[in-house]
Amino acid sequence: MELNICYGGEKIQIGAGGGCAIDSVKLPDGRYSLLVDGRVYDLIVELEGESCLVMGRQGRAVLSVRDPRILGAETTREESQSGLQRLTAEMPGKVIRVLVQEGEAVVYEQGLIVIEAMKMQNEIRATKAGRIQSIGVSAGKTVSTGDFLLSIE
C-alpha cells in the first residue's frame, strides 16, 4: 500500500484509499501526541538507520520513509533512456576537452566533455551506454545554456 502524506501546518493528511486527518504535537519529552479521527495516540519515535521505530500502547511498528526525490536517484537514468539522447549545455561555459570521438562506444556515466563554468570544471557524463552519434562542440568553444553538445545512440 502506498501512503501519500501532505503537510499543512500542524495537520497531516494521509491518503490511502479514503484517507484521514491527523493532528500532531511534539511533546517536550520528545514523544508525539496524535489525534486521529477523534482518538489520541501517544507515540515514541526512534530513528534506526534508514528506518523509524514507532512505539505506543498499541504496539510497535518499523516504518521506512522514502523520499521520491531519492527514489528517483536510486533508479539509474540509463534504465529510463532509450533511443537517441541529445546532451545540451546546462549552463554557459567554455569547452575545455572533448573526451570522446564520433562513433566511439561509451558506457553509462563515462566522461564525455569537460566544460568550465564559473571557474569550475564540470565533466559531462554519458546518460546511457551506447555509441557517440555526433559531436557539436570542440575544445575552446564557448557554449550557452541549451547548446547542443553531443548525441548518444
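The values are calculated or read from the model by the stated rules, or taken from the named source; none is laboratory data. Every value quoted in this text rests on a predicted model; they were computed, and no experiment measured them. All Cβ positions, even for glycine, are placed from backbone atoms using ideal geometry, and neighbour counts span all protein chains on display.
Brief remarks on what is shown
- Exactly one residue out of Lys128, Lys119 is under 20 Å from the mean Cα position of the chain (by Cα) and at pLDDT below 90, and it is Lys128.
- Tallying residues that are among the polar types (S, T, N, Q), over 23 Å from the mean Cα position of the chain (by Cα) and assigned to a loop (DSSP other than H, G, I, E, B) within segment 131-153 yields 2.
- Lone unmet requirement of (1) surrounded by fewer than 10 Cβ atoms within 10 Å (Cβ to Cβ); (2) at pLDDT 75 or above for Glu79: (2)
- The conditions of being of a type in the set (A, V, I, L, M) and farther than 16 Å from Gly83 by Cβ are met by Ile115.
- Some residue of segment 39-55 being modelled with pLDDT of 75 or more and small (Gly, Ala, Ser): no
- Count of segment 116-149 residues which are of a type in the set (Asp, Glu) and touching an Asp or Glu at 6+ places or on another chain (Cβ under 6 Å): 0
- Residue check for Val62: in a strand (DSSP E or B) and either within 30 Å of Tyr108 (Cβ to Cβ) or at pLDDT 75 or above (or both): no
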